[in-house]
Amino acid sequence: MRIETEKLSYAYGESKALMNLALKDVTLTVEEGEFFGIIGQTGSGKTTFVQHLNGLIKLKKNSGSIKIGEFDLGEKKCDFKKLRARLGMVFQYPEYQLFAETVFEDVAFGVKNFMPETSPEQVEVMVKDALETVGLNYLKVKDKSPFELSGGQKRRVAIAGVIVTKPEVLVLDEPVAGLDPQGKREFIALLHKLHKSFVKTIILVSHDMDLVAENCTRAAVFSHGQIVAVGTPKEIFSNAESLEQTGLDLPLTAYLTNMLKQAGITAENDYTVDGLIKAIVSEINCGGER
Ligand SMILES: Nc1ncnc2c1ncn2[C@@H]1O[C@H](COP(=O)(O)OP(=O)(O)O)[C@@H](O)[C@H]1O
Ligand SMILES: [Mg+2]
């Protein structure tokens, strides 16, 4: 499913004052297959934007359009249940939203809610599949209370509850916030694993520039409710000045690229660690011939 918003605007409450708009004329297309980053300072509108994508925030009249595959979110007849089965949304700190008595019931909720016609046998298959996909042992965790689990396990259960319907688009709002470096690495590996299987498109909200530089095909920079830049990580991070104007940091790889340049090594890299290492290795190899 391709995701397209056109001139999307939004104000919390009734205020029409331009100053109070959380989103202003946001036009963005994310193609099927992308691993798309959404970056920007706190309060820049990232969460407001992604919450529109599954209709959690309803499109207001004369406030633009949102089309996701065959779903037109501005239409009265838009089937939001069907949309939510196909576009999964992982909120910030999703573990806080676990509520059921058992892990099984929590994960099954997503199916029962969005695909009510599913048989109990099929629900069981889907829950097992989802828990195993996120790296949990089905038999060991299914009857536990979600509250008995560790922080990292809780987050996995929460993700399982979203991917249980096998959504083809997965939207995640600050998914690695609060995870330690190891937890973060494992989580990113899980996202790539999902992206290789049924999840075709990932939209990742993050203020971690390293994460975006390493993983995203493209990203959009939000500032004061508007998109101020869209492009590949290379396009975005090579324009350091305008990025800093929006109050964002650069990824570590951008600083390293500059340091290498000062040392006479040009890294035509894509702002990934891999790209930098290749540039250094090739410099070492050429250096030997000089
Ligand atoms: N529930 C809310 N009620 C009123 N204003 C809100 C609400 N949520 C967010 N805002 C405001 O909307 C703007 C965008 O916020 P948000 O989308 O949460 O940004 P981000 O996710 O980039 O931090 C901010 O000015 C914020 O204060
Ligand atoms: Mg936010």
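Straight-line reach from K67: taking Cα to Cα under 16 Å and skipping same-chain neighbours fewer than 8 places apart, the aspartates and glutamates in range are E4, E6, D25, E31, E32, E75, D79, E168. The lysines whose alpha-carbon is closer than 17 Å to the alpha-carbon of K184, local same-chain residues fewer than 8 away aside, are K154, K193. Determine the sum of side-chain charges near G74: Lys and Arg each +1, Asp and Glu each -1, restricted to other residues whose C-beta is under 13 angstrom from that of G74. Residues near G74 contribute +3 overall.
Over 21 Å between Cα atoms: which of K7/K81; K82/K140; K81/K140; K82/K142; K61/K200; K166/K200 fall into that group? From K7/K81; K82/K140; K81/K140; K82/K142; K61/K200; K166/K200, over 21 Å: K7/K81; K82/K140; K81/K140; K82/K142; K61/K200.
With a Förster radius of 25 Å applied to the C-beta separation of H224 and Y255, the computed FRET efficiency comes to 0.45.
On a per residue basis, the convex hull of the C-alpha atoms belonging to region 251-290 measures out at 51 Å³. When restricted to Cα atoms, region 103-183 yields an Rg and a Dmax of 12.7, 41 Å, respectively.
Spin-label model, T29 to K196: label points 7 Å out along the Cα-to-beta-carbon direction sit 3.0 nm apart. Distance from the C-alpha centroid of region 161-201 to that of region 77-109: 14 Å, rounded to the whole angstrom. Using the empirical formula 2.2 N^0.38 Å as the baseline, the Cα radius of gyration of the chain reaches a ratio of 1.10.
For region 1-109, the convex hull drawn through the C-alpha positions has a volume of 136 cubic angstrom per residue. Under a GNM of the chain (C-alpha, springs under 10 Å), which listed residue has the highest mean-square fluctuation: E235, E244, E214? Taking springs between Cα atoms under 10 Å, the residue moving most is E244.
Where a number appears in this text, it was derived from the coordinates with a stated rule and is not lab data. Quick caveat, the model's predicted, so the values are computed rather than measured. Cβ atoms come from the backbone with ideal geometry, glycine included; neighbour counts cover every protein chain shown.
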